[in-house]
1. Which condition number does ASP65 fail, the rest of (1) charged (D, E, K, R); (2) closer than 24 Å to SER166 by Cβ; (3) at pLDDT below 90; (4) not assigned by TED's automatic domain parsing to the domain that holds VAL175 being met?
2. I need every pair where a residue in the stretch 29-54 that is closer than 14 Å to LEU198 by Cα has its Cβ under 6 Å from the Cβ of a residue that is assigned to a loop (DSSP other than H, G, I, E, B), sequence separation at least 6 or different chains.
3. Show the residue pairs that are 6+ apart or on different chains and have beta-carbon atoms under 7 Å apart, the first residue being within the stretch 179-207 and surrounded by 15 or more Cβ atoms within 10 Å (Cβ to Cβ), the second being at pLDDT below 90 and among the aromatic types (Phe, Trp, Tyr).
Amino acid sequence: MLEFSNKASGAPVSYIQMSSVAVTVVTNDKHKVFCAMFHDTTDGASFSAFVAQELLAAFIAQHGDELGNMGHNLRDFHRFQYRILSVIRESVKPIVRKLQKQRGILKAMLVVDGAVTCATGDVDPIGVLANLQALVNSSIDMMSFSGDGVSSMTIQSGRNSCIQVSVVEGNDALVVVYKKGAQASKNTVAIEECVRALRHGTNCPDLLQQCLD
């Protein structure tokens, strides 16, 4: 498939979508290896390419020195299967770091199961979690009157900045501090995209674990 795509268009195929299954393909020319990841179509091409790149990078980091040798057997790489779940779970960290690169984003942190698992700057976990819990609880109380579930809440944290708390899954939340001003609308869009990616990133390992059990 890759060879045919190269001959036909001059570039390798990167994404194929069928009725209920999609295939994302990423390649590494230096090591002459590729990752073909089969996944749900709702994951989307962008997020799937990101995860596939993370898996391929982890595979090369573990087996890169061996890939140039001839006569490999699939069993030589068998142990990598035990890293797949952890690689996908760890992919949430570069997702948050990518958000931090957005102009106007001052700080971003992911809180999972009551703990800050990823932060783009120095934070006071105890103070953050205490305030976050109070904020989420207040949001739930306010939203309950309209019968809606809490998805996000923005507060004015100062003259020049806002804090947005977005529920990722259950009690897991993304907390972002960003500047007010002309860039704010772009920041909120970037935050929404990050939350969608994080929801995929937190759900994928659980679904994969269910398939393996």
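1. (2)
2. Final answer for the pair search is VAL51/SER91.
3. ALA197/PHE47; HIS200/PHE47
Quick grid of which residues meet (1) modelled with pLDDT under 85; (2) assigned to a helix (DSSP H, G or I); (3) among the charged types (D, E, K, R):
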| residue | (1), (2), (3) |
| --- | --- |
| VAL26 | no, no, no |
| LYS30 | no, no, yes |
| PHE34 | no, no, no |
| PHE38 | no, no, no |
| PHE50 | no, yes, no |
| LEU55 | no, yes, no |
| ALA58 | no, yes, no |
| MET70 | yes, no, no |
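The values are calculated or read from the model by the stated rules, or taken from the named source; none is laboratory data. Please read all numbers here as calculations on a predicted model, not as lab measurements. We place every Cβ from the backbone using ideal geometry, glycine too, and count neighbours over all the protein chains shown.
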